[in-house]
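Worksheet: one structure, shown below.
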Amino acid sequence: MDVPVSMRAELSSWNNGAGIELKTWIGCEGRFALAVGYSAIFWPEFVEFDGYVLRKGFSETSLRGFEQWGGSTRESVEKTMNHLNIADIQHFECDDISRDKLVFLGNLLKEIYDVKLRWQFPHLRCRVEFFVPTDEDDLESYQLSFWQEAHQPDKGQSAIDSD
């Protein structure tokens, strides 16, 4: 596994400059409570609800609110409900945030979510997207999201009817 460049100096400084492997470093720096917490990000629970695939524990009020926005589609609602700002995995203004870590985690999470959604919902086709902003220094805008391909406009979907 390629370690982000921004972490190499830290890992290299261990053992009087001999360095340390990532897995060994986790054993020195990590905590079981954090590992349990990260499991909610790295292997999330998903549910089917009213034709959507969503993260377990979603807000139905938020869902219905997004549906009422002018021009909303099932794709846009599902995509919005399921987005994750990669920077929000840690506390606000975390001092070791960096572009390379966000890209590393975003790509890894994209792969994990794709596998998890295919495994949990083999009867559905979901698309997972890792968004990298045009301004790569806008660290708060790196996002992951997913939605069902059946909700995409090219599949004949129209705006949500507000009855």
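Using θ = phi - 60° and the Karplus form 6.51 cos²θ - 1.76 cosθ + 1.60, what ³J(HN,Hα) does each residue of the range 2-8 get, whole Hz, x for Gly and Pro?
6, 7, x, 3, 5, 9, 4
State, as an integer percentage, the relative contact order of the chain based on alpha-carbon contacts under 8 Å between residues 6 or more apart.
Relative contact order of the chain: 24 percent.
Between residue 15 and residue 99, what length in nm is gained on full extension when 0.36 nm per residue of separation is reduced by their alpha carbon distance?
Difference between extended and current length: 27.5 nm.
How about residue 79: which lysines have a C-alpha closer than 20 Å to its C-alpha, ignoring those fewer than 8 places off in the same chain?
56, 110, 116, 155
Taking Cα extents along the principal axes in Å straight from the coordinates, which label in [x] 68, 33, 27; [y] 44, 38, 36; [z] 51, 29, 28 is the correct one?
Given [x] 68, 33, 27; [y] 44, 38, 36; [z] 51, 29, 28, the calculated one carries the label [x].
Laboratory data are not the source of any read-out in this text; all were calculated from the coordinates shown. On a predicted model such as this, the values are computed, not experimentally measured, just so you know.
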